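The values are calculated or read from the model by the stated rules, or taken from the named source; none is laboratory data. Note that the structure is predicted; figures quoted are calculated from it, not measured. FYI the Cβ positions are ideal-geometry reconstructions off the backbone, even for glycines, and counts take in every protein chain you see. Accessible surface areas use protein heavy atoms only, side chains included; no ligands, DNA or RNA. Shrake-Rupley method; radii C 1.70, N 1.55, O 1.52, S 1.80 Å.
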Amino acid sequence: MADQKNYTGGCHCGEVRFEATADISNVISCNCSICQKRGALWVFVTPEHFALRAGSDELRDYQFGKKSIHHLFCPHCGVGAFSRGSTPQGSEMVAINVRCLDDLDIASLKLTAFDGRSL
C-alpha cells in the first residue's frame, strides 16, 4: 500500500498507547450497534503493523454477538482505541479507531460506509 504511514495513538487518559503503520486513505464507518454508539471509524492492519506500547495489562475486553471481535477498552477512561479479531478468511487483524490517532484531521478523511448492522 503506497499510502502507509506511521501513526501513534491511544486512549483519552494515556494509559493505553500504540504505534501503527497504516493506510488511512479509506476509513470504514460501520453502522453496527457498537460502532454507531461509540462513533468509531476504522482502519484495519495486520498484527505486525501494530505495536501496543503501554497498557496491555490494563485493557478490558467486551464481546457480543458471534464473539469474533475483541472490543478492547481502557478501564480508566473507557475509550476503545483498537480491537482485535479475524478477517472472514481467518487471518488475524487489528482494527484501529482512527479517532484515537494523534494529530489527525478527521474531517480530511475519506469515509466508506459499511453495513455491519446486516451481519
- Message: Within 10 Å, at most 10 other Cβ atoms, and a DSSP state outside H, G, I, E, B define an exposed site. Report the longest part of the chain free of exposed trypsin sites (Lys or Arg not before Pro).
- Response: 1-65
- For region 1-48, size of Cβ-based charge dipole, Lys and Arg +1, Asp and Glu -1, in debye: 260 debye
- Note on the structure: Computed over the chain, protein heavy atoms only, probe 1.4 angstrom, the accessible area per residue in square angstrom equals 60 Å²
- Query: Label-point separation (nm) for ALA51 and GLU92, each offset 7 Å from Cα along Cα-to-Cβ?
  - Reply: 1.6 nm
- Query: What value, in deg cm²/dmol to 500, does the helix sum -39500 (n - 2.57) over DSSP H runs of n ≥ 4 give at 222 nm once divided by the residues of the chain?
  - Reply: -1000 deg cm²/dmol
- Query: Which listed residue (LEU111, PRO47, CYS100) has the Cα farthest towards the positive end of the charge dipole for the chain, taking +1 on Lys and Arg C-beta and -1 on Asp and Glu C-beta about the Cα centre?
  - Reply: LEU111
- Query: Remind me, relative contact order of the chain in percent, using alpha carbon pairs under 8 angstrom and six or more residues apart?
  - Reply: 31 percent
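Would you work out what percent of the accessible area of region 46-119, with all protein chains in place, is carbon or sulfur (probe 1.4 Å)?
For region 46-119, the apolar C and S fraction of the accessible surface comes to 49 percent.
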- Note on the structure: Dividing the mean separation of Cα pairs under 8 Å (6+ apart) by the residue count of region 54-115 yields a relative contact order in percent of 19 percent
- Coil-residue chymotrypsin sites (Phe, Trp or Tyr not before Pro) of region 1-89, DSSP, other Cβ within 10 Å capped at 14: PHE64
